[in-house]
Amino acid sequence: MSQDDVKAASRALSIEYAIRDVVVPATVLESHGHDILKLNIGDPIAYPGLPTPDHMVDAYANAVREGRNGYSPSYGIPALRDAIAADEREKGWPATSDDIYVCHGVTEALQILFAGVLEEGDVVLAPGPHYPPYMAYPQMYGAHTTEYRLDPNDGWRIDLADLESKMNDSVRFVVLINPNNPTGNVATPEEVDAVLRIVEDWPQCMVIADEIYDGLDFTGHHVSVASRSDRVPVVTLNGVSKVYFAPGWRIGWFGLHDPQNRLGSVREALERLLRSRLCASTPAQQGYLAGLTGDRSWMGPYAERVKLQRQRCLDRIEGIEGMEVEAPGGAFYMFVRLTDPAWVANDKQFVLDLLHEEHVLLVHGSGFSPERGRGHVRLVYLADVEVLDEGFDRIERFLKRHRSRSKTEMDS
């Protein structure tokens, strides 16, 4: 930077977002006429056959046509808050509409939560690996993220001892992403209870329960974290993006479960921030409302399709030398381990080389955690089976070619 350059905030310049960062070189290749097979982004609409349900689209469009697209209340339109609260009561905790706050996606909800709670030196404990904003956002408020371990050899289960060892008076949030992004693990009720018991000993700490994939649980044991807590404050996150297949609408929400009525000051801070940024998209809220209150029979066939594609990926990976995976229990990701020595410590180079040589786009695991994600890649299994097969054919060809090249170099 020259002496006359205007300075940017160092905190902002340090932010990385692996999922979209790898799109930059892919876009360059596309500009040169190459077709890229994209298995990188968790956007259901990017893959044919999983459209946003018609009745939700109609509700969104009708709101625009009928002029219901002005500013809405800062905390969300009342009917949507009512519907979300009713849906959460079905999951087992006594949510009211006053506990629900609608945001411009879960990412904005996180920014508001961190801005409203975190001070200089505070700590967020997040699973390693995890969704990148849990690392990026806290630093914007003078805090930092510490990872607790998920076990890569046991279905990415929570290492409770590791979590407990990292608790102290500076920890303000313990994050549970359940089902997890990027690993797909689903915490059992017993694991959730154990985490709550740990947090219970720290009165200034809350649990963030990111449950955006809760409708894509293939284990049958997913539970709402708030439903398990009678002492610890829990902030539930969810929205329209994943289970309702409408990511571009950017409607998410957070709900405050405050079983011992200790969040009065926190609630006031969050509400002040919400009022200061006006509101989330009004017509998109109407579309989400239609999804919550209307027909949900479409969800079963969608989930069955995702499960079929999940199994196809498991079958293909089992037959490819140089890759292995812990079967995911939910969401629509696989966190695939690279076993060839050439790639174990260089997963980002694997992703870039695969992109340039075979035009397949994945995300490097170290982008989800420099330590816990290293030697892995995240794969999205929402594409058609034929597309997935083509992707695995190219990946297998790439691994064989580099394995043969390495052997030739060693022999010479």
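What follows is calculated from the coordinates using simple rules that are stated; it is not laboratory data. For clarity, every value in this text was computed on a predicted model and none was experimentally measured. A quick note on method: Cβ atoms are made from the backbone with ideal geometry, for glycine too, and the neighbour counts reach across all protein chains shown.
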Self-check item: Overall form of the stretch 52-92 per C-alpha gyration tensor (a/c, 1.5; a/b vs b/c)
Solution: oblate
Exercise. Find, among the trypsin sites (Lys or Arg not before Pro) in the stretch 115-200, those assigned to loop by DSSP (not H, G, I, E, B) with at most 16 other beta-carbon atoms within 10 angstrom.
Key: K166
Exercise. Can you bin the stretch 151-281 into rounded, prolate or oblate? Criterion: square roots of the alpha carbon gyration tensor eigenvalues sorted a ≥ b ≥ c, rounded for a/c under 1.5, prolate for a/b above b/c, oblate for the rest.
Key: oblate
Practice problem: When a/c is below 1.5 the answer is rounded, else prolate if a/b is larger than b/c, else oblate, so apply that to the chain with a ≥ b ≥ c taken from the square roots of the Cα gyration tensor eigenvalues. | Solution: prolate
Quiz item: Over the stretch 54-293, what is the relative contact order in whole percent, taking alpha-carbon pairs under 8 Å and six or more residues apart?
Solution: 29
Quiz item: Relative contact order for the chain: what is it in percent, counting Cα pairs under 8 Å that are at least 6 residues apart?
Solution: 22
Self-check item: Where labels lie 7 Å past Cα in the beta-carbon direction, separation of R275 and D58 in nm
Solution: 3.9
Quiz item: How big is the stretch 54-293 on each of its three principal axes, counting only the C-alpha atoms and giving the largest first in Å?
Solution: 55, 38, 30
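Among DSSP beta bridges lying fully in the stretch 54-293, give the percent that are antiparallel, nearest 5.
Close to 40 percent.
Just how large is the dipole of the chain about the Cα centre, in debye to the nearest 20, putting +1 at every Lys and Arg Cβ and -1 at every Asp and Glu Cβ?
In total the dipole reaches around 560 debye.
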Quiz item: Among the DSSP beta bridges whose two residues both lie in the chain, what percent are antiparallel, rounded to the nearest 5?
Solution: 55
Exercise. Specify the angular offset, from 0 to 90 degrees and rounded to the nearest 10, of the alpha carbon long axis of helix 299-318 from the longest principal axis of the alpha carbons in the chain.
Key: 30
Practice problem: Taking the chain as the reference, fit the longest principal axis to its C-alpha atoms, fit the long axis of helix 264-276 to the helix C-alpha atoms, and give the angle between the two in degrees, 0 to 90, nearest 10. | Solution: 70
Quiz item: Lysine pairs in the chain with alpha-carbon atoms under 24 Å apart, 8 or more places apart or on different chains: how many are there?
Solution: 9
